[in-house]
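Before any comments, here is the structure.
The values are calculated or read from the model by the stated rules, or taken from the named source; none is laboratory data. As the structure is a computational prediction, the values presented were derived from the model and not from experiment. Backbone-built Cβ (ideal geometry, glycine too); neighbour counts: all protein chains shown.
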Amino acid sequence: MHEMGIAQQLVQIAIDSIPRDIENPKVEKLNLRIGRLASVVEHSLTFCFEIITKDTPLENARLDIDVVPVTVHCKSCDNGWEVTGPVFKCPFCEDGDVEMLTGREIEITSLELADELKI
Ligand SMILES: [Zn+2]
């Protein structure tokens, strides 16, 4: 279950981003962006998150996951489009040097502390 490693990284980043001058910080909500191709199972991530955040400022924080669609860009004809299936050939020039722009990210967009201070 690779979600455990991801959860640990996210928690570490979140804890590091809490300003040190806040006493007993409590995170209410963690906003995440996770790409459709990042292979993260949402309920597994939530499960791991709940286990490892016990006795940390993130205990009981909610995870708000924004699923990022897969978008690609064709370097040959400069078109960009959203991919919904496994086909990665350019539909405009039928060929192309295609690169993925979004769809694999796993990142924290923001976290909300209990006193409504936003970081
Ligand atoms: Zn193209």
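Remarks
- Among strands (runs of 3 or more DSSP E) entirely within region 40-119, having at least 2 residues that are within 16 Å of the ligand (Cβ to nearest atom) singles out 70-74, 80-83, 98-102.
- Looking across region 48-64, the residues that are surrounded by 15 or more Cβ atoms within 10 Å (Cβ to Cβ) and of a type outside the set (S, T, N, Q) come down to Cys48, Phe49, Glu50, Ile52, Pro57, Leu58, Ala61, Leu63.
- Among the residues of region 104-117, some residue qualifies, meaning at least one is surrounded by 12 or more Cβ atoms within 10 Å (Cβ to Cβ), β-branched (Val, Ile, Thr), within 30 Å of Ala61 (Cα to Cα) and at pLDDT 90 or above.
- Qualifying residue in region 70-80 (condition: loosely packed, with under 14 Cβ neighbours inside 10 Å and of a type in the set (D, E, K, R)): yes
- Within region 92-103, restricting attention to residues that are charged (D, E, K, R) and in contact with a Lys or Arg (Cβ under 9 Å, 6 or more places away or on another chain), the residue that is nearest to Val41 (Cα to Cα) is Glu99.
- Failed condition for Lys29, given (1) under 14 Å from the mean Cα position of the chain (by Cα); (2) closer than 14 Å to Ile6 by Cβ: (2)
- Count - residues of region 10-39 that are part of a helix (DSSP H, G or I) and surrounded by 14 or more Cβ atoms within 10 Å (Cβ to Cβ): 4
- Where a residue in region 87-109 is over 24 Å from Ile34 (Cα atoms) and its partner, wherever it lies, is more than 9 Å from the ligand (Cβ to nearest atom) and not acidic (Asp, Glu), with Cβ under 7 Å and at least six apart: Pro91/Trp81
- Any hit, region 54-62, residues being touching a residue at least 40 places away in the same chain (Cβ under 8 Å) and hydrophobic (A, V, I, L, M, F, W, C): yes
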